[in-house]
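The values are calculated or read from the model by the stated rules, or taken from the named source; none is laboratory data. This is a predicted model, so every value here is computed, not measured. In this analysis, Cβ positions are derived from the backbone assuming ideal geometry, glycine residues included, and neighbour counts consider all displayed protein chains. Note: areas computed on protein heavy atoms with side chains; ligands, DNA, RNA excluded. Shrake-Rupley method; radii C 1.70, N 1.55, O 1.52, S 1.80 Å.
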Amino acid sequence: MKKKLFQLTAAAVRAWRHSLTRRLRVWAAVLIVSLTGVVVGTMLLAQSEIPVGPFRADMSISPSIKGGTEVDIPPLGSLHLDSHAGPIHLKVNLGALDQQRTEALIEDPTVISVVGQSAVDDVTRGVLQLSLRALGAAIACALILSALVFRNVRRVASAGVIALIVTGGSMGLAAGTVRPDSIGEPKYEGLLVNAPAVVGDARRIADNYGRYADQLAELVSNVSRIYTTVSSLPVEPSGNTTRILHVSDLHLNPAVWNVIKTVVKAWDIDAVVDTGDIVDWGSSAETTYVSSISQIGVPYIYVRGNHDSAAIQAAVARQSNATVLDNSTTTINGLTIAGIGDPQFTPDKSETPPAEAADNPAVDVFPLSGERLAATIRQSKTKVGVALVHNPAMAPPLSGVVPVVLAGHTHRREVRMLAPPNPPQDGASPSPAPSAATPASPTRLLVEGSTGGAGLRGLQKEEATPLQMSVLYFDENQTLKAYDDIQLGGTGESNVEMQRNVIGVDPEPTTHPSVINGVTPGITPSRR
């Protein structure tokens, strides 16, 4: 038994020492070292940064059994495409916006018509560059690692050839199995799971935005032209007049900034007030959108909407000309403005109550927020002329506390007088004594439509969604004397309408409508 075991051991040693076995061991070692170099080089160096539309995209290649492509859009989530087979996985991270390219897109929204094709070209060029970089990195790492292990020119060269064949073959397999139609069938993760329901038909949005962009130049031109008729309207506010532009619910519409700047310049606006929903989801990726506030050229007063997160509010506050009101006040040209942010953050349009009201469904958070702002106004040492809220449901507690309340949220313009506050019941504590901020007249609520035309979702509809804003005129006593309602045609329309509303003793204002659609408008005074 021992003799037989000895013979087997001796045979194994002879086989191990055989020249053919030695060659196989060497080639196996070269293959392992080469593959290790390919993996290490690809993981460490197969990365590049390229511009894709307004984004700075980080692209990388990594070994994978299934292949495919992953597109990360932090913090919204990611989408996965079954784009190709093979041992290569492509990852694209769209986490950063290029400031210059984004500003160019916002300044000239007509560029959106070529962004799609340029993005395809950018991605194609980026993938080619990344493939060459990955090939070079794989070969270089394989050569360096094999040189450190073998110190033999022939074996080092063999490792380089193996790296070239493996990497090139993997890329060839991936290129040969590309499925262009996979982009139409992505798998979503994170917030992007809701993307199909939120955005709807992407082709319809793209088509409508193309028509919208074609009309933008004429529409902005008509905004400027319509102001030439303002001087002929009766009851032009004069003297120490403060002009306030009220906007609301921009909803990430890039086209609206040029319109706002045109109105600010034409109407000689003293300040812009924004009653919230400046973006759609409240994500950190949307913070770049608010950077255009600094280009408006006048103070920008803002209260948070239910689509605006704390990150968006902080981004607005960082703009040099912006003031965020959250149960606080500010004064512009003698006009004191108070405001408070929306108590809910519901970018998915849900009605989920905030944490403080979750345990008590009977609690209505909107009147509570209105009461908080009313208490702040009563305690103010100076008279408050205007209160800003997002949701009109926050306005009733402000009745009799401030002359004018501005709101948004509903995407429908509305003007009405708030019901007077209820008198105290017998035995109940009387209302606080009027302060310097308490007006003698009833409170007027002005709800603005969507200045952004409901954003991209407004482009889904066949019926045009107009862009609406208002210019308010206050005298030196912080009294609202008149307001101009401006309405700009929505998708595919370039008409602009302006209506002067004069505030008198009668709660119903006198109106003077004006319309421009490429012709000189006529002025026809009328009553509502």
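Extension gain for Ile165 to Asn327 (0.36 nm times residue separation, less C-alpha to C-alpha distance): 51.6 nm. Entry comment: accessible area of the range 287-336 is 34 Å² per residue, from protein heavy atoms only and a probe of 1.4 Å. Between Glu476 and Ala375, the contour length at 0.36 nm per residue exceeds the Cα-Cα span by 33.9 nm.
Between Ala310 and Leu24, what is 0.36 nm times their sequence separation minus the Cα-Cα distance? Round to one decimal in nm.
Extra length from Ala310 to Leu24 when fully extended: 96.6 nm.
Peptides 35-44, 392-401 ordered by packing proxy, namely the average of other Cβ atoms within 10 Å per residue, highest first: 392-401, 35-44.
In this structure, the amide hydrogen of Ala57, modeled 1.01 Å from its nitrogen in the peptide plane, lies closer than 5 angstrom to those of Ile50, Val52, counting only residues at least 5 positions away or on a different chain.
Relative to the globular-protein estimate of 2.2 N^0.38 Å, the Cα radius of gyration of the range 286-331 stands at 1.07. Mind giving me the FRET efficiency for Asn240 and Thr346? R0 is 41 Å, r the Cβ-Cβ distance, nearest 0.05 is fine. With R0 = 41 Å, the Cβ-Cβ based efficiency is 0.50.
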